[in-house]
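Enquirer: Dropping a structure here in structure tokens format, bear with me for questions.
The values are calculated or read from the model by the stated rules, or taken from the named source; none is laboratory data. This is a predicted model, so every value here is computed, not measured. Positions of Cβ are generated from backbone atoms using ideal geometry, with glycine treated the same way; all protein chains shown enter the neighbour counts.
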Ligand SMILES: [Zn+2]
């Protein structure tokens, strides 16, 4: 069971699809409700880059996800605590999530940069284990020691520290501190990392219980366990079974995140292994996945919420989504194109502006170019998952998927920040 009467947090499944894991649900948090499945835009440092919270609300975002590692380094979690928590601090009147910082801290160590390639066949080993580069993080059984990417100062995250930081930040949903591996770690390393993640999960639950009691005057914060195990079926199933049934200090996880190395080709298979083992009634979040075609695979495999920086990151470099694929607004063909970015889109940008204007703004390096393109891309992915939710309610999810996959021509990867 969760912490007694976990005030303000609950998840209800409203409708399950036949012959698949897909379902719709309602996730209730102290700061509001998320109708699932839902895409959760990322505001890494307590802001979705270039877009006001009001505009995020208007484009349909139900919740935002910020990053514990970045907010720990700047401005410091105690500032968010004093402000009354993440949602108040950033003037976002709605639910918030924080990831544990594990991915960011560990990616300093293996040097796999910000982008996890989804296609392992074209993934150069050098991108993963940069032996000739200085390692910025070191993992041991107790935690991770790392060097700040901002000023080189040394820091240490343990499961307890991650819980303390996330409690101070005050998001409605937090994630347990885990060891994120890559597809290129050896099988032996994956096993050791999984054992470590399990031991850390117990410590996260214990510290979470302690902090929840100590901070009983604050709104309840839910804690999700994170399932690792890379591409190995037995490891993924074991991690899901172990964490799914884990109880410590009399509490269990409120939901689960599926993280780590996920090859694009096997994404659905891996999520289905995990969801076959996890308790059905708890919410499932897919960490760092948000390419449009992957969202369909995730929903079909039983994912309730997603987060990803991809939509906003590519928007800032002038790439935009449409129902037929992704294109670049700086292309010369759009110089005199007075159509909206996507004629099927209902966003603020498409309602009011043209490709020609966006083409001009990007070429002129105007700040509003990023704002307008981000509004469009975030609306695109938020709306796409909204459409999946509506299609699930009427039993037409697979019709929507077939129609989308037939039209959308672009494959892209997994992106963290
Ligand atoms: Zn649009």
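Enquirer: Out of all the residues in the range 317-351, which are within 19 Å of residue 367 (Cβ to Cβ) and away from the ligand (no atom under 11 Å from the Cβ)?
Expert: Across the range 317-351, the qualifying residues are 317, 318, 319, 328, 329, 330.
Enquirer: Examine the range 199-221 for a residue that is assigned to a strand (DSSP E or B) and in contact with a helix residue (DSSP H, G or I) (Cβ under 7 Å, 6 or more places away or on another chain), and state whether such a residue exists.
Expert: Within the range 199-221 (the criterion being assigned to a strand (DSSP E or B) and in contact with a helix residue (DSSP H, G or I) (Cβ under 7 Å, 6 or more places away or on another chain)), the answer is no, since none of the residues qualifies.
Enquirer: Going by the structure shown, is residue 289 part of a loop (DSSP other than H, G, I, E, B), within 14 Å of the ligand (Cβ to nearest atom) and buried (at least 24 other Cβ atoms within 10 Å of the Cβ)?
Expert: no
Enquirer: Quick check, is residue 170 crowded, with 22+ Cβ neighbours inside 10 Å and modelled with pLDDT under 95?
Expert: No: the conditions fail for residue 170.
Enquirer: Here is a further query. Within the range 301-312, is there a residue that is over 15 Å from the mean Cα position of the chain (by Cα), within 16 Å of the ligand (Cβ to nearest atom) and at negative phi?
Expert: Among the residues of the range 301-312, not one is over 15 Å from the mean Cα position of the chain (by Cα), within 16 Å of the ligand (Cβ to nearest atom) and at negative phi, which makes the answer no.
Enquirer: Here's another thing I want to ask about it. Looking at the range 143-181 only, could you name the residues that are part of a loop (DSSP other than H, G, I, E, B) and within 18 Å of residue 225 (Cβ to Cβ)?
Expert: 143, 158, 171, 172, 176, 177, 178, 179, 180, 181
Enquirer: So, in the range 320-340, how many residues would count as being surrounded by fewer than 24 Cβ atoms within 10 Å (Cβ to Cβ) and within 20 Å of the chain's Cα centre (by Cα)?
Expert: 0
Enquirer: Checking residue 304 against (1) surrounded by 15 or more Cβ atoms within 10 Å (Cβ to Cβ); (2) not assigned by TED's automatic domain parsing to the domain that holds residue 226, which single condition isn't satisfied?
Expert: Unmet condition: (2).
Enquirer: If you go through the range 231-253, how many residues are in a loop (DSSP other than H, G, I, E, B) and surrounded by fewer than 24 Cβ atoms within 10 Å (Cβ to Cβ)?
Expert: Result for the range 231-253: 8.
Enquirer: A further question on this structure: Do we have any residue at all in the range 41-62 that's more than 28 Å from residue 377 (Cα to Cα), in contact with a helix residue (DSSP H, G or I) (Cβ under 6 Å, 6 or more places away or on another chain) and at pLDDT 95 or above?
Expert: No, because not a single residue in the range 41-62 is more than 28 Å from residue 377 (Cα to Cα), in contact with a helix residue (DSSP H, G or I) (Cβ under 6 Å, 6 or more places away or on another chain) and at pLDDT 95 or above.
Enquirer: Turning to a different aspect of this structure: What's the number of the condition residue 249 fails, among (1) more than 22 Å from the chain's Cα centre (by Cα); (2) on the phi < 0 side of the Ramachandran plot?
Expert: Condition not satisfied by residue 249: (2).
Enquirer: Quick one: would you say residue 290 is under 17 Å from residue 238 (Cβ atoms), under 17 Å from the mean Cα position of the chain (by Cα) and modelled with pLDDT under 95?
Expert: Taking the combined requirement at face value, the residue does not satisfy it.
Enquirer: For the range 263-287, give me each residue that is over 20 Å from residue 385 (Cβ atoms) and at pLDDT below 95.
Expert: Within the range 263-287, 263, 265, 266 meet the criteria.
Enquirer: Does residue 266 meet the test of being out of contact with any helix residue (DSSP H, G or I) (no Cβ under 9 Å at 6 or more places or on another chain) and surrounded by fewer than 24 Cβ atoms within 10 Å (Cβ to Cβ)?
Expert: Taking the combined requirement at face value, the residue satisfies it.
Enquirer: For residue 392, state whether it is within 16 Å of the ligand (Cβ to nearest atom) and at negative phi.
Expert: no
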